[in-house]
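Below is one structure, written out as structure tokens, with a few remarks after it.
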Amino acid sequence: MSAAGNEIAILEGKMNTGLTEERCVELISELAGLEIEITEMKGGITNTLYRVRASNEHDYVFRIYGMKTEMFIDRDAEMKTMKSLEPFGVSPRVVRYLPEQNITVIDFINGYTLKNADFLKEDLWEHIIRPIKIVHQSGVEITKTFDPMNEIERMYGILQEINSNYPEFDISWTIQALKKINAKAGTEKIEIILCHNDLLAENFLFTNNKGYPEPMYLIDWEYAGMNTYYYEFADMFQEILVPYDVETKLLEIYWEGKDLEFHRYMTDLFKPFPDIYWFLWSLIQQNVSTIEFDYYNYGKVKFENAQKNIEFIKDHYGIAM
């Protein structure tokens, strides 16, 4: 999962040996003859990220794709999403899309990167919900569908294909439990809309409208697809890990207080799904990524959180597993 994709806290002054000024000019000819400052951005666990600032005040993020990320990321769908959302002012502008070179260049958004604790601040709640609602109501449609159950089974298939064995996790039982929850949720009857599908705190950038059309931007659209509202919020809640009553207040703002009990119930049903998706993603990354990160323990926490939510659904809503 992409984390801190546009992290403002960058490694100042650390020149990147993998991205030179010459390479930047090759990719963006307008940079020729300008002074260029290259700094590595920390926090990315899917891609390697660099901020490139030019003397003409243009500011970019160069994103070099992680090893074998094409197994679970549809880059064309990501670019379609970002370009379609540009008029809405909630997503960075795409400057260059160069999939054959494993590079995407986007505008750098100069804002404050949210942390989990920021979701406890009531004065930010409307700002947090606004870009989510804009995306959901944008009418933008892409061909990629992110069906949570199908995506989890696909990721499990990838894990099996790379011959990785993790007997300490009862993955087969967990997937069967998710199938029962999925049937109860009646996903085939739920409206699907364009979703981000990776709303961790670090993918929110608060600009406070300083030269930007919107106060809050969403970044890192690699997992975007047509999905349900409930997975979107379940994923966000499992990332930001705020108290249950804060989750409910955020849902109340989004749904404007309408049918809140039903929306709360449906969101709860989807909570185990993102954790198992990112758990499987982590085990795959453990085997293929060259980025230094403890994917195994990151995934272990996700798996344990999913088990807690499966138990909650069984006990609180009486769904037999």
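A few remarks follow.
- Close Cβ contacts (under 7 Å, 6 or more residues apart or on different chains) running from residues in segment 46-68 that are touching a residue at least 12 places away in the same chain (Cβ under 8 Å) to residues that are aromatic (Phe, Trp, Tyr) and in a loop (DSSP other than H, G, I, E, B) comprise Asn47/Tyr65; Arg51/Phe108; Asp59/Phe108; Tyr60/Phe108; Val61/Phe108.
- When each of Asn287, Asn309 is tested for being in the same structural domain as Ser172 (by TED's automatic domain parsing), under 29 Å from Phe72 (Cα atoms) and modelled with pLDDT under 95, the lone residue that passes is Asn287.
- Residue, surrounded by the fewest Cβ atoms within 10 Å (Cβ to Cβ), within segment 76-115, restricted to residues that are under 24 Å from Ile284 (Cα atoms) and free of Cβ contacts under 8 Å to residues at least 40 places away in the same chain: Glu100
- Screening segment 227-280 for residues that are without any contact (Cβ under 8 Å) to a residue 24 or more places away in the chain and among the hydroxyl-bearing types (Ser, Thr, Tyr) and picking the one that is nearest to Asp294 (Cα to Cα) gives Tyr244.
- Residue satisfying condition, being of a type in the set (A, V, I, L, M) and touching a Leu at 6+ places or on another chain (Cβ under 6 Å), within set Leu218, Leu283: Leu283
- Which numbered condition Asp259 misses (of (1) surrounded by fewer than 18 Cβ atoms within 10 Å (Cβ to Cβ); (2) more than 24 Å from Thr113 (Cβ to Cβ); (3) within 17 Å of the chain's Cα centre (by Cα)): (3)
- The residue of segment 179-211 that is surrounded by the fewest Cβ atoms within 10 Å (Cβ to Cβ), among those that are in a helix (DSSP H, G or I) and small (Gly, Ala, Ser), is Ala183.
- Residue within segment 90-106 that is in contact with an Asp or Glu (Cβ under 7 Å, 6 or more places away or on another chain) and either among the acidic types (Asp, Glu) or assigned by TED's automatic domain parsing to the domain that holds Tyr223 (or both) present: no
- Test for Ala224: is it in contact (Cβ under 8 Å) with a residue 12 or more places away in the chain and exposed (fewer than 15 other Cβ atoms within 10 Å of the Cβ): no
- Verdict on Met226 being under 23 Å from Ser91 (Cα atoms) and either outside the structural domain of Glu311 (by TED's automatic domain parsing) or not in a helix (DSSP H, G or I) (or both): yes
- Of the residues Gln176, Gln238, the single one that is under 15 Å from the mean Cα position of the chain (by Cα) and either buried (at least 22 other Cβ atoms within 10 Å of the Cβ) or outside the structural domain of Pro87 (by TED's automatic domain parsing) (or both) is Gln238.
- Residue check: Gly186 meets all listed conditions (1) at pLDDT 95 or above; (2) in the same structural domain as Ile253 (by TED's automatic domain parsing) but one, namely (1).
- Top-ranked residue of segment 123-153 - restricted to ones that are free of Cβ contacts under 8 Å to residues at least 40 places away in the same chain and part of a helix (DSSP H, G or I), ranked as surrounded by the fewest Cβ atoms within 10 Å (Cβ to Cβ): Asp123
- Among the residues of segment 95-111, those that are under 17 Å from the mean Cα position of the chain (by Cα) and not in a loop (DSSP other than H, G, I, E, B) comprise Thr104, Ile106.
The values are calculated or read from the model by the stated rules, or taken from the named source; none is laboratory data. Keep in mind that this is a model prediction, so the values were computed, not measured. Ideal geometry is used to build each Cβ from the backbone, glycine not excepted, and the neighbour counts take in all protein chains shown.
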